[in-house]
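To keep things clear, I will list the structure first and then write my remarks on it.
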Amino acid sequence: MWTDGHVIFPQSNSIAVMVNIQRDPRYWQQWWRRVAAAASPVPGSAPPGATLRPRPVNQRDWSVSLGGASVRPQSFPAKFTFDVTQPPSCTDDFVVTGINVAGASSRANIIGVNRLYSSSSGGMCGTATAVMFACNVGPGLLPAAVVISLDGKKLAFNEDNGTSSYFHVLTYATGTGNGTDATQPATPGSSKNRTVALGEAATATPFVHYLNDAAYVTTTTRVHKSTGVFKRTPAEVTTDRSLDSVRKR
């Protein structure tokens, strides 16, 4: 996810500090990625006397239509990997992205795709991806990246619609009735699509603090904090004056 790559975990000589850092799931996600990178040979490099392999040429394995809409430049798809220590999964691994278009009965503004390891010539998951869900979550745009819960069952994101903007937590469903593509979306009910009103434009990705189950959302002039993001019902904090609706300077 976008937020994972923008958190730095420095090394410390303090055992207490390192214990606290290692409680954050992002620390271990980064650690696993570094271990995997260290164990993999660098394309285009070789020890002395060995044959140098050419770097692989990038190619597009697949694409999914967004119904003529697009994704904002500052937004990136978020990928969920069920278990980073196990082989890839065609059903459990997926990507999700918000779409920079106003949601409507014929316009999804968030879509999820699995069977990622596919290609037109035939891959581990066959020749095509599959749309897991496509939803119209509101009349606003989804201009920034989505944050996925640790179990992969919920999604947190901002809907930008001026003074009618919302922070969302969506418990998505898959299968029949949950949207088939970007032009045939499902509209989830309020029990699955929880919202917190923001009152002004929200174009950034929310930052979720997994340990505290809290989210921080920046709007035009403020920073909003919500708790109960993935484990309970999200609600904006209104009593912590140091963090709730802090004006940006």
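Whenever a residue of the stretch 123-144 is touching a residue at least 24 places away in the same chain (Cβ under 8 Å) and closer than 15 Å to Gly103 by Cβ, its partners that are among the acidic types (Asp, Glu) and surrounded by 22 or more Cβ atoms within 10 Å (Cβ to Cβ), lying with C-beta atoms within less than 7 angstrom and at least six residues away or across chains, give the pairs Val137/Glu159; Gly138/Glu159; Gly140/Glu159; Gly140/Asp160; Leu141/Asp160; Leu142/Glu159; Pro143/Asp160. Which of (1) surrounded by fewer than 24 Cβ atoms within 10 Å (Cβ to Cβ); (2) out of contact with any helix residue (DSSP H, G or I) (no Cβ under 8 Å at 6 or more places or on another chain) is the odd one out, the single condition Phe133 does not satisfy? So the condition that Phe133 fails would be (1). Using the structure shown, decide if Leu116 is in contact with a Pro (Cβ under 8 Å, 6 or more places away or on another chain) and in contact (Cβ under 8 Å) with a residue 60 or more places away in the chain. When the stated conditions are applied, Leu116 does not pass them. For the stretch 199-249, filtering for residues that are modelled with pLDDT of 90 or more, out of contact with any helix residue (DSSP H, G or I) (no Cβ under 9 Å at 6 or more places or on another chain) and not β-branched (Val, Ile, Thr) leaves 19. Of all residues in the stretch 167-188, those that are free of Cβ contacts under 8 Å to residues at least 60 places away in the same chain, touching an Asp or Glu at 6+ places or on another chain (Cβ under 9 Å) and either within 13 Å of Gly103 (Cα to Cα) or among the hydrophobic types (A, V, I, L, M, F, W, C) (or both) total 0. Scanning the stretch 169-180 for any residue that is under 17 Å from Ser65 (Cα atoms) and part of a strand (DSSP E or B) turns up nothing.
Table: residues versus (1) in contact with a Lys or Arg (Cβ under 9 Å, 6 or more places away or on another chain); (2) in a loop (DSSP other than H, G, I, E, B); (3) farther than 19 Å from Phe76 by Cβ.
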site	(1), (2), (3)
Thr91	yes, yes, yes
Val96	yes, no, no
Ala102	no, yes, yes
Val113	no, no, no
Ser118	no, yes, yes
Ser121	no, yes, yes
Ala128	yes, yes, yes
Val137	no, yes, no
Ala144	yes, yes, no
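When restricted to residues that are small (Gly, Ala, Ser) and at pLDDT 95 or above, the stretch 153-169 contains 2. The set of residues from the stretch 158-187 being over 13 Å from Met132 (Cβ atoms), surrounded by 21 or more Cβ atoms within 10 Å (Cβ to Cβ), out of contact with any Gly (no Cβ under 7 Å at 6 or more places or on another chain) and not polar (S, T, N, Q) comprises Phe167, His168, Val169.
The values are calculated or read from the model by the stated rules, or taken from the named source; none is laboratory data. Everything numeric in this text was worked out from a predicted model, so none of it was measured. Neighbour counts are summed over all protein chains in view; Cβ atoms, including those assigned to glycine, are modelled from backbone coordinates with ideal geometry.
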